[in-house]
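The values are calculated or read from the model by the stated rules, or taken from the named source; none is laboratory data. Please read these numbers as outputs of a predicted model, since none were measured by experiment. Quick reminder, even Gly has a Cβ in these numbers, built from the backbone with ideal geometry, and neighbours come from all protein chains shown.
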Amino acid sequence: MKVSGIGSIGYSNNYALKTNFKDAEKKQQSTNTYENPISRKTERNLAVLGALGGSAVVGAVAGGLVSCIPAVKGFKIPVLSGIGAAVVTLALTLPTKLYHTAVNAFAREKEMDIFSRDKALKANLTEEVHKEVLDPEVSLDKKLDDNLKLQTANRAAAMFFNTMNTAN
């Protein structure tokens, strides 16, 4: 197994098979289609629902506070003031919530794509090493060397991601 740069991993066995990230990705896409579980539409709907709920709470509090004023008599003024406070709160918070939700949903989609592609590539490379291990024509030293390189690469990637997470 030959590791050449970050962009590709070359692998060869008796049949001179070469695999790199692009080939493995094409193979993975052809075998099964991946559907990202992050839905922007659902995220947007949840943001609108959260903004509506928050503005309803603000409206109810405003209406309750207005009804506590001794000069206000009746039911109409507190209800109208509560509705007005809710509409103003919704108008001020909804655009910001929608913007941040769209940005966060986009970032989460990309993270999930990277994670899924990484898992698929690891599975394909592990499968190739496993095929080599089962091949009786390959020497034991080469099998052990390739398996050790694959395990070392997996540990190095895990250590890299752990250091990235602790740095933040």
Looking across the range 119-137 at residues that are among the aliphatic types (A, V, I, L, M) and within 30 Å of the chain's Cα centre (by Cα), the single one that is farthest from N147 (Cα to Cα) is A120
What residue, among those in the range 59-74 that are within 20 Å of L92 (Cβ to Cβ) and among the hydrophobic types (A, V, I, L, M, F, W, C), is surrounded by the most Cβ atoms within 10 Å (Cβ to Cβ)?
A62
If you go through the range 102-124 one residue at a time, do you hit one that is touching a Lys or Arg at 6+ places or on another chain (Cβ under 6 Å), assigned to a helix (DSSP H, G or I) and surrounded by 15 or more Cβ atoms within 10 Å (Cβ to Cβ)?
yes
For I9, indicate whether it is β-branched (V, I, T), at pLDDT below 85 and under 30 Å from S139 (Cα atoms).
yes
Pairs under 8 Å by beta carbon, first residue over 13 Å from K122 (Cα atoms) in the range 137-155, partner among the charged types (D, E, K, R) and part of a helix (DSSP H, G or I), six or more apart or different chains?
V138/E132; K142/E132; K143/E132; D146/E132
Within the range 82-136, track down each residue that is under 20 Å from L49 (Cβ atoms) and small (G, A, S).
G82, A85, A86, A91, A102, A105
Selection count, the range 54-79, where residues are part of a helix (DSSP H, G or I) and either in contact with a Phe, Trp or Tyr (Cβ under 6 Å, 6 or more places away or on another chain) or of a type in the set (A, V, I, L, M, F, W, C) (or both)
10
Look through the range 19-53, keep the residues that are under 19 Å from the mean Cα position of the chain (by Cα) and outside any helix (DSSP H, G or I), and return whichever of them is modelled with the lowest pLDDT.
T33
Residues L144, L134, L90, L140: which one is under 30 Å from A47 (Cβ atoms) and at pLDDT 80 or above?
L90
Can you confirm whether L98 is over 24 Å from S39 (Cα atoms), touching a residue at least 24 places away in the same chain (Cβ under 8 Å), part of a helix (DSSP H, G or I) and of a type in the set (A, V, I, L, M)?
no
